Amino acid sequence: MLQKQLDLSLITAQIVQKLKGSNLYAQLERQAWASLQRPEIKLESLKEDIKEFFKTSGWEKKLQNAVYSELTVFPLPSHPAAPPEHLKEPLVYMRKAQGSWEKRILKSLNSMCTELSIPLARKRPVGEQKELLNKWNEMGTDEPDLSLFRPVYAPKDFLEVLINLRNPNYENGDSLSFRTHLGLIQVPLKVKDIPELKEFFVELGLTTGQLGIDDSTQVPPELFENEHVRIGHKVLAEQDSAAAQQYIRQGSPTALRAELWALILNISGQPEDVLYYEQLKTNVIQHDLLVDSLIYKDVKLTASNDDYYFVFEDYLYQVLLCFSRDTSVLGHFAYNSASPPKSYIRGKLGIEEYAVFYPPNGVIPFHGFSMYVAPLCFLYHEPSKLYQIFREMYVRFFFRLHSISSHPSGIVSLCLLFETLLQTYLPQLFYHLREIGAQPLRISFKWMVRAFSGYLATDQLLLLWDRILGYNSLEILAVLAAAVFAFRAVNLMEVTSLAAAEAVLADLSTLKVMPLLQIFLFATVT
């Protein structure tokens, strides 16, 4: 009990410290000073009166949402004496693996620099700045020669690293159960089984109304949909992040989704946010980075060839180029197992005071990175709002899909959860695919790394991302991946090669997410 109180007081102190540097704190301070002029504020009961004023004027709700937002990304409580790297990742072998992976990425980037004789960053000449500014809203029409550029890495390269992960303290002797040797992921992490998943995703149960099932044309809207929409309007009127997060677990009505996601992510679109976005844009106009070419190449290879997303090509360039310059993203490395790469000012190699983070946001884009932004373009058409939503989605969720950690929503745990679910509940299918050299994870990994973006139809993808936000967890990605295999199990039992298995699972665009999840979690005999 005492430990819980200590943890709570530590978390409170850290959140207070974090909020003190925020814009909200300055606004609250201004409002408190302004309220002193009001007749209902009495000197003898000053504290209580100002609290009451904040409550009635809606500022208390804004503060609650800010605290709630901090809590959702807050690292799990640990010992006060724990070093900072322990907060990033408690397991030493995971930290080492992440460190060596980062070195590989940086080596790949540097070798590209050397081969192409291109600097990591350069100031654009004035003429080039003007040209870029003029075509800012139509960058998709630009066709730079990117044939010599290659993605720094692709998901399959990352999978090979995860397959080779081992815990040095873990005895790989004969005493281990047979099951642990079947999958590709060989690290002992605790993942949920189906009973635990049922408990965690209880609102997805068969007896609860779901958008994605109960809003189909065969179901009269008065049975569920109308009432759900009415409650949605009420949640938005209340402006309560926690209520919105609970509500969205049953899915968001299409017309309310943009506002609900912004409320959950605590993004209000203040004028200063627009100004900040404009500053990032200015940075893009003034300086050319090597990663800009990687972003161009990625958008051209992925979103530009996608039937759903090719129309958003210009938005993707704007958002991703600004994202690469945003130093506020560096803050998430406090709870990310990764560390931002460093570069040195020319001629000062190895001298720490001349070290800079490169790119400025600390995130090197990989093949498929632009697909994290693409679906959001359906919801937000104002570039600064779209940018803020993506940045918040990234620092809450997406970074976990390409860094090595033991977090339950980290990609290693998701891979292990996927393999464990298949081995436990579809053992014949798992064994068959393994025997023909078609390990299921080799097929499903790319789905999970991209959070299914570019694989599902957009309406289905947004219903899936509703649940990611609602449960503040990425575990649903592994459950859906297992559910897809279960759905196509009959066909998969017939295949005799990896290529044939991939062909069976090549097109997921006709799948309906919610029925698959419900059947796998709640209608399968366990």
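Residues satisfying the criterion are absent from segment 158-168 (criterion: at pLDDT below 90, in the same structural domain as residue 319 (by the TED database) and closer than 28 Å to residue 399 by Cα).
Being open to solvent by less than 10 Å² (accessible area, probe 1.4 Å) and either part of a helix (DSSP H, G or I) or under 25 Å from residue 19 (Cβ atoms) (or both) holds for only one residue in 319, 311, and it is 319. Only one entry in 275, 260 is farther than 27 Å from residue 153 by Cα, in a helix (DSSP H, G or I), out of contact with any Pro (no Cβ under 8 Å at 6 or more places or on another chain) and open to solvent by 10 Å² or more (accessible area, probe 1.4 Å), namely 275.
All of 238, 222, 227 fail the test of being out of contact with any Cys (no Cβ under 7 Å at 6 or more places or on another chain) and touching a residue at least 24 places away in the same chain (Cβ under 8 Å), apart from 238. Scanning segment 494-503 for residues that are surrounded by fewer than 22 Cβ atoms within 10 Å (Cβ to Cβ) and among the aliphatic types (A, V, I, L, M) gives 495, 498, 499, 500, 503. Step by step: first the residues of segment 440-456, then only those that are more than 16 Å from the chain's Cα centre (by Cα) and open to solvent by 10 Å² or more (accessible area, probe 1.4 Å), then the one that is nearest to residue 496 (Cα to Cα). Which residue is that? By that ranking, first place goes to 442. When segment 112-127 is filtered for residues that are without any contact (Cβ under 8 Å) to a residue 40 or more places away in the chain and closer than 24 Å to residue 361 by Cα, the ones remaining, listed by number, are 114, 116, 117, 125. Among the residues making up segment 295-340, those that are at pLDDT 90 or above and either among the β-branched types (Val, Ile, Thr) or touching a strand residue (DSSP E or B) at 6+ places or on another chain (Cβ under 7 Å) (or both) are 295, 299, 319, 324, 327, 329, 330, 340. Only one residue in 472, 491 is open to solvent by 10 Å² or more (accessible area, probe 1.4 Å) and in contact with a Ser or Thr (Cβ under 6 Å, 6 or more places away or on another chain). Which one? Exactly one of 472, 491 is open to solvent by 10 Å² or more (accessible area, probe 1.4 Å) and in contact with a Ser or Thr (Cβ under 6 Å, 6 or more places away or on another chain), namely 472. When residue 478 is tested against (1) within 30 Å of residue 70 (Cβ to Cβ); (2) at pLDDT below 95, just one condition goes unmet, and that condition is (2).
The values are calculated or read from the model by the stated rules, or taken from the named source; none is laboratory data. Here the structure is a predicted model, which is why all the values come from computation and not from measurement. Note: ideal-geometry Cβ built from the backbone for every residue, glycine included; neighbour counts use all protein chains shown. Note: areas computed on protein heavy atoms with side chains; ligands, DNA, RNA excluded. Shrake-Rupley method; radii C 1.70, N 1.55, O 1.52, S 1.80 Å.
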